[in-house]
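Asker: Below are the structure tokens for one structure; questions will follow.
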Amino acid sequence: MISKYTCIALCLLTMGCGGGSSDETSTPASTVPDQNSGTTPPPDINPDPTPEPGPTPEPNPPETNLDSVVVPEQFDWSMYKEDEVKIKTVSSTMRPDGELAGLGGKHFMKIVALDGEQKELENPLQRSLTSRTGETRTKLKLPNEWYGIKVEVTVGSQVCSKVFSKEEVTGEIEVPCDIEMPAGDGE
Amino acid sequence: MNIKHSLSIALLCQTSYVFAAATETNTVDNQDGTFTYIQRINKDSTAPHYSAPSGYGFNFYSHYDQDYGWQHNFDEASNPLVKIQSATLLIRGYDIDSEAFHGTNGEYDGISVDGTDLNPGLLQGTNGTWSETTFDMPTSYILDDGLMNVFLDIDMNHDYVWWKTTLDYSLLTITYTITQNDAPYTPTLSGSPQGCANPTDDFTVNVTNSSDADPDGDLVTYEYRWFVDIGQGEVVDDEVAGKTDHTGNTVLSSQVSAGETWRVQVIATDSNGLVSSPAFFTWELGENDSDCDGISDVNDDYPNDDKRASNNYSTQSTLAFEDLWPEKGDYDLNDLVISNQFNLVKDANGLVKQIDLTGSIQARGGSLASGFAIAFPGTTSANVESISVEVNGQSESVSAETGHSSELVVAVLKNTHSATNDSQTYSFFNTQDGDDRAVIPVTMSLIFTDPVDPLLIGNAPFNPFIYRVSDRGREVHLPNYAPTALANTGLFKTGADNTEVGGETYMTPAGHPWALEISTSWLHPMESVDIIQAYPAIQDWAESRKARGTTWYSTPVAGKCWKCN
């Protein structure tokens, strides 16, 4: 709460503490009073919360300000979910270890954003060829209000796609294609 | 004579040799002024030629993450009179499933020497049989230091255990002579057609330095070896791919198909039998792909530009700054407000060739003169092909800022004050009652010489910041973004700042920021109106760790923000 009192005092003293100070390149005086032209940094004030004895006028309720926000630890103020993700194209053939076998080769991959109503946004987030192992590694930055993404992969004449919520867009995700792989040499 | 055919004969001549168990190195005097050097490396070879990995390597079935290497040497390379007549590397392997019918899912095992891929681009073989693949070893790889570091990349198209192979040996064969005579120059080639080809084209390669082909003036002949990639991702010998084994300088259109890649290797041989380093010319045949970049025209935003393939737009966002750092401001977050949307123009491989910014100065509520800049990690000023900036329709002279060695910094707006200082009525710009001027458009186009990995350069808006015009080191960044090399780090932990280099940055000890990126267009608070007053829901958003109030920026209090009465 000290910070709240500090800011109340500062605002009263400076009538706005962030408009900046003037310097040699600042705007010349104007016809409207410059409410933000504090020329010195805010003074170091330690308000004494102890009330003076005797009657005091009823104070106006203090306005809350950003200083009054109790910020959780390691809060980053970002309005996005940003994660590096590996997107793999997989076949319908099972590997010996039970995973679906990845489709080798460079394929065209399109990543489209889905808004909060899961509608596709007009401009794709990304379009490029995968690596020769059929994968793309990318860092997607998704606004918190979006639902997620849709990934489309073109393998030959076949288009395979899958929708992912933004919570799913992390680590390694797979886009399945109904394509058989040639039998490998196995284990 | 074709190099491949020459090799076959050479191998026949060697059949009388019995190799010892360890690395076998023999030099045979051919009694005609030439010598043949042979070195075979196999499972029994020892360092420095080969150090057997545990559980894989020569004579082991090995898979995608069991790649390994070995080293051939040719000590005679240090003799300047040693001149090479032919040099090949033959690799014998078993069960190499690189048949073309596998398409992109066959077993493709790449071979490189001293870090450069050889041609053909993979081991050529068939299921369940022993196969031999012969590569022409470029003479420059031999004569530079006499060492050839060979590396086998197994099953390049898969990153899990699928195909396996085992190698018997790697055989280096060099036929050389000792003479004052010099080898021919490396051919310089001109191909027709140039660049991206059509399946109706005949391919022809011509040597353009044939009139000055040899430093001694010797007569020179040329040998042609043709390769083709019919969809495997690497070129193989044309006959291996089911085509005619071409040995001249032309391939007819009847041999080629859309989507293929053709490459010719040309080696000059002089009248003394000395050979040049190989030269290559490559034709790409797009399949509905005018620029042959691998992305069909229907999906290509730049169908005739092989350096660009797609526009990739960021969401429009708003950057809002306080400018008094390291002192606290008034938290109206309007000292500079810039809307922005970036287009990352990427090539077919998804690398960033160009970055275009379309934005505008929405407001300037600071009386301090600030510049606005962007730091781009993952590249440097040396990689800038061009930068163009326009402010309010006027071209600005902008170049990469000097003093940054590990990232690129572009001062997009050198003085936001001068750009917004056109009123005799208002000292600020679009932050006071009645001030409703048109926003000031800003565009930037940044083109890289070499395309940049998007994982390195990051997402838009990258690392934007403002700095004080009169004090360049006084940078203000978004929370947890890094200062640039020109930031005055002596100001960290002064005033209200609690920046920890390598940790949390540009926040107060209580975690309050000096800048925000709002994930949409945004109506900034009026002058001296704390953001909490204009957007009360930000408090719940922050205090709930974003669990509530996710769209706080869309619920302003009437009259507290610009144009939201």
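Asker: Of (1) at the interface with another protein chain (Cβ under 10 Å from one of its Cβ atoms); (2) in contact (Cβ under 8 Å) with a residue 40 or more places away in the chain, B:LYS546 satisfies all except one. Which?
Answerer: (2)
Asker: Mind listing just one residue for me: the one in region B:346-369 that is part of a strand (DSSP E or B), farther than 13 Å from B:ALA320 by Cα and polar (S, T, N, Q) and, of those, nearest to the other protein chains (Cβ to nearest Cβ)?
Answerer: Selected residue: B:THR358.
Asker: If B:GLN394 meets every condition in (1) more than 14 Å from B:ASP323 (Cβ to Cβ); (2) touching a strand residue (DSSP E or B) at 6+ places or on another chain (Cβ under 9 Å) apart from one, which number is that one?
Answerer: (2)
Asker: Still on this structure, I have one more. Give the residues of region B:311-328 that are crowded, with 22+ Cβ neighbours inside 10 Å and either more than 7 Å from chain A (Cβ to nearest Cβ) or not in a loop (DSSP other than H, G, I, E, B) (or both), sorted by residue number.
Answerer: Scanning region B:311-328 gives B:ASN312, B:SER317, B:THR318, B:LEU319, B:ALA320, B:PHE321, B:TRP325.
Asker: Further, regarding this structure: Among strands (runs of 3 or more DSSP E) lying entirely in region A:78-173, which contain 2 or more residues that are over 23 Å from B:ILE230 (Cβ atoms) and out of contact with any Gly (no Cβ under 6 Å at 6 or more places or on another chain)?
Answerer: A:80-94, A:108-114, A:126-129, A:135-143, A:148-155, A:158-165
Asker: Suppose we keep only residues that are charged (D, E, K, R) and not in a loop (DSSP other than H, G, I, E, B) within region B:263-306. Which one would you say is surrounded by the most Cβ atoms within 10 Å (Cβ to Cβ)?
Answerer: Among them, the one singled out is B:ASP270.
Asker: With B:LEU478, B:LEU486 as the choices, which residue is modelled with pLDDT of 95 or more and touching a Leu at 6+ places or on another chain (Cβ under 8 Å)?
Answerer: B:LEU478
Asker: Still on this structure, I have one more. For region B:260-297, enumerate the residues that are away from chain A (no Cβ under 14 Å) and among the β-branched types (Val, Ile, Thr).
Answerer: Matches in region B:260-297: B:VAL264, B:VAL266, B:ILE267, B:THR269, B:VAL275, B:THR282.
Asker: When you go through A:LEU103, A:LEU66 one by one, which is the residue that is touching a strand residue (DSSP E or B) at 6+ places or on another chain (Cβ under 7 Å) and either of a type in the set (A, V, I, L, M) or not assigned by TED's automatic domain parsing to the domain that holds A:GLY134 (or both)?
Answerer: Answer to the selection: A:LEU103.
Asker: Sticking with this structure for a sec: Out of (1) surrounded by 15 or more Cβ atoms within 10 Å (Cβ to Cβ); (2) in a strand (DSSP E or B), the odd one out for A:MET181 is which?
Answerer: Evaluating A:MET181 over (1) surrounded by 15 or more Cβ atoms within 10 Å (Cβ to Cβ); (2) in a strand (DSSP E or B) leaves (2) as the failure.
Asker: Among the residues that make up region B:246-262, is at least one of them assigned to a strand (DSSP E or B) and closer than 30 Å to B:PRO525 by Cα?
Answerer: Scanning region B:246-262 turns up no residue that is assigned to a strand (DSSP E or B) and closer than 30 Å to B:PRO525 by Cα.
Asker: Determine if region B:238-245 includes at least one residue that is among the acidic types (Asp, Glu), crowded, with 21+ Cβ neighbours inside 10 Å and without any contact (Cβ under 8 Å) to a residue 40 or more places away in the chain.
Answerer: Within region B:238-245, one or more residues are among the acidic types (Asp, Glu), crowded, with 21+ Cβ neighbours inside 10 Å and without any contact (Cβ under 8 Å) to a residue 40 or more places away in the chain.
Asker: On to the next question. What is the residue count in region B:375-409 for residues that are over 22 Å from the mean Cα position of the chain (by Cα) and either within 19 Å of B:PHE448 (Cβ to Cβ) or surrounded by fewer than 17 Cβ atoms within 10 Å (Cβ to Cβ) (or both)?
Answerer: 13
Asker: Now for a different question. Could you go through region A:177-186 and let me know if any residue there is of a type outside the set (A, V, I, L, M, F, W, C) and modelled with pLDDT of 95 or more.
Answerer: The answer is no, given that none of the residues of region A:177-186 is of a type outside the set (A, V, I, L, M, F, W, C) and modelled with pLDDT of 95 or more.
Asker: Let me ask another. Assess whether B:ASP422 counts as being closer than 17 Å to B:PHE376 by Cβ, among the acidic types (Asp, Glu) and in the same structural domain as B:GLU396 (by TED's automatic domain parsing).
Answerer: Against the criterion (closer than 17 Å to B:PHE376 by Cβ, among the acidic types (Asp, Glu) and in the same structural domain as B:GLU396 (by TED's automatic domain parsing)), B:ASP422 does not qualify.
Asker: Also: Based on this model, can you work out whether B:THR505 counts as of a type in the set (S, T, N, Q) and either assigned by TED's automatic domain parsing to the domain that holds B:ASP335 or touching a His at 6+ places or on another chain (Cβ under 9 Å) (or both)?
Answerer: Answer is yes for this residue.
Asker: Same structure again: Please find, within region A:140-159, the residue that is farthest from the other protein chains (Cβ to nearest Cβ) out of those that are closer than 18 Å to B:ASN312 by Cβ and in contact (Cβ under 8 Å) with a residue 40 or more places away in the chain.
Answerer: So the residue we want is A:VAL151.
Asker: I would also like to ask the following. Scan region A:65-104 residue by residue and report those that are closer than 30 Å to B:PHE101 by Cβ, of a type in the set (S, T, N, Q) and modelled with pLDDT of 95 or more.
Answerer: Residue satisfying the conditions is A:THR89 alone.
Asker: What about A:GLY116, is it of a type in the set (Gly, Ala, Ser), in contact (Cβ under 8 Å) with a residue 60 or more places away in the chain and within 12 Å of chain B (Cβ to nearest Cβ)?
Answerer: For A:GLY116, the condition - of a type in the set (Gly, Ala, Ser), in contact (Cβ under 8 Å) with a residue 60 or more places away in the chain and within 12 Å of chain B (Cβ to nearest Cβ) - is not met.
Asker: Where in region B:446-565 are there helices (runs of 4 or more DSSP H), lying fully within it, with 2 or more residues that are crowded, with 21+ Cβ neighbours inside 10 Å and not hydroxyl-bearing (Ser, Thr, Tyr)?
Answerer: The helices (runs of 4 or more DSSP H) meeting that bar are B:531-534, B:537-543.
Asker: Given the residues A:GLU174, A:GLU135, which is the only one that is surrounded by 19 or more Cβ atoms within 10 Å (Cβ to Cβ) and within 25 Å of B:ILE295 (Cβ to Cβ)?
Answerer: Exactly one residue qualifies, and that residue is A:GLU135.
Asker: Right, next: Taking the stated definitions as given, is B:TYR331 among the hydroxyl-bearing types (Ser, Thr, Tyr), buried (at least 24 other Cβ atoms within 10 Å of the Cβ), touching a residue at least 12 places away in the same chain (Cβ under 8 Å) and within 8 Å of another protein chain (Cβ to nearest Cβ)?
Answerer: Spelling it out, B:TYR331 is indeed among the hydroxyl-bearing types (Ser, Thr, Tyr), buried (at least 24 other Cβ atoms within 10 Å of the Cβ), touching a residue at least 12 places away in the same chain (Cβ under 8 Å) and within 8 Å of another protein chain (Cβ to nearest Cβ).
Asker: Within region B:377-405, can you find the residues that are farther than 20 Å from B:THR416 by Cβ and either more than 14 Å from chain A (Cβ to nearest Cβ) or at pLDDT below 95 (or both)?
Answerer: Of everything in region B:377-405, those that are farther than 20 Å from B:THR416 by Cβ and either more than 14 Å from chain A (Cβ to nearest Cβ) or at pLDDT below 95 (or both) turn out to be B:THR379, B:THR380, B:SER381, B:ALA382, B:ASN383, B:VAL384, B:GLU385, B:SER386, B:THR402, B:GLY403, B:HIS404, B:SER405.
Asker: Spot the failing condition for B:GLU287; the list is (1) over 27 Å from A:VAL155 (Cβ atoms); (2) modelled with pLDDT under 95, and only one is missed.
Answerer: (1)
Asker: Please tell me if A:ARG137 is closer than 24 Å to B:ALA309 by Cα and facing another protein chain (nearest Cβ under 7 Å).
Answerer: Judged against the criteria, A:ARG137 is a match.
Asker: Regarding region B:200-213, can at least one residue be identified that is polar (S, T, N, Q), touching a strand residue (DSSP E or B) at 6+ places or on another chain (Cβ under 9 Å), farther than 28 Å from B:MET156 by Cα and without any contact (Cβ under 8 Å) to a residue 24 or more places away in the chain?
Answerer: Within region B:200-213, one or more residues are polar (S, T, N, Q), touching a strand residue (DSSP E or B) at 6+ places or on another chain (Cβ under 9 Å), farther than 28 Å from B:MET156 by Cα and without any contact (Cβ under 8 Å) to a residue 24 or more places away in the chain.
The values are calculated or read from the model by the stated rules, or taken from the named source; none is laboratory data. Only a predicted model underlies this, so the values are computations on that prediction, with no experimental measurement involved. FYI the Cβ positions are ideal-geometry reconstructions off the backbone, even for glycines, and counts take in every protein chain you see.
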